[in-house]
Amino acid sequence: MKLVNIIFLLLITNGLISCSGSENEPAWAIAEQQEEKEETTDNSSEQSQSEMTSAEYSCGAADHSKVGKMAVFTTRHHQVDGQALIIDNCTIEVSSFTYDGEGPDVLFYGGIDGDYKATGAGFALSDNINGRSYDNETLTIELNNPMVLDRMNGISVWYVDFDVSFSDGLFQ
């Protein structure tokens, strides 16, 4: 039963399911609605990046304004160190990553201006990374939708049970 609750929580925090209303509409549903609108309208004019909406970005492309931004982790606990680079619309590469592997329920989290709490702006970007140590390794985080980048300007190695950042940084 606990696994079902965890999966449900991850789906909610990643925007894959919602309770109600268009404000809480899952990211993939918004993207599908945008695609339907595009099919029924004439899009003969080119749009600049500043005019593009989030739904017009696609995974595999590198046209999101945050592509190329880097966050350097500030070590707080458990020797977590490294940096994160937004490679394309749906890929974040964490390099030179070091973590002692201690602490249950530790994930990469996205957030806004240092707020990584699930009750605030925070949400899970990865599966659990605890249980093994990392020593100067490179990890790849695959995002399920390019709209995730619009919901974050920072990344954290987040201890979920106690709402504690083991390390975090803002993308610049």
Checklist entry - Here are 85, 107: which of them is in contact with a strand residue (DSSP E or B) (Cβ under 6 Å, 6 or more places away or on another chain), part of a strand (DSSP E or B) and more than 22 Å from residue 67 (Cβ to Cβ)? => result 107
Checklist entry - Of the residues 71, 121, which is modelled with pLDDT under 95, at negative phi and surrounded by 16 or more Cβ atoms within 10 Å (Cβ to Cβ)? => result 121
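The values are calculated or read from the model by the stated rules, or taken from the named source; none is laboratory data. Computed from a predicted structure; not experimentally measured. For neighbour counting, all protein chains shown are included, and Cβ atoms are generated from backbone atoms with ideal geometry for every residue, glycine included.
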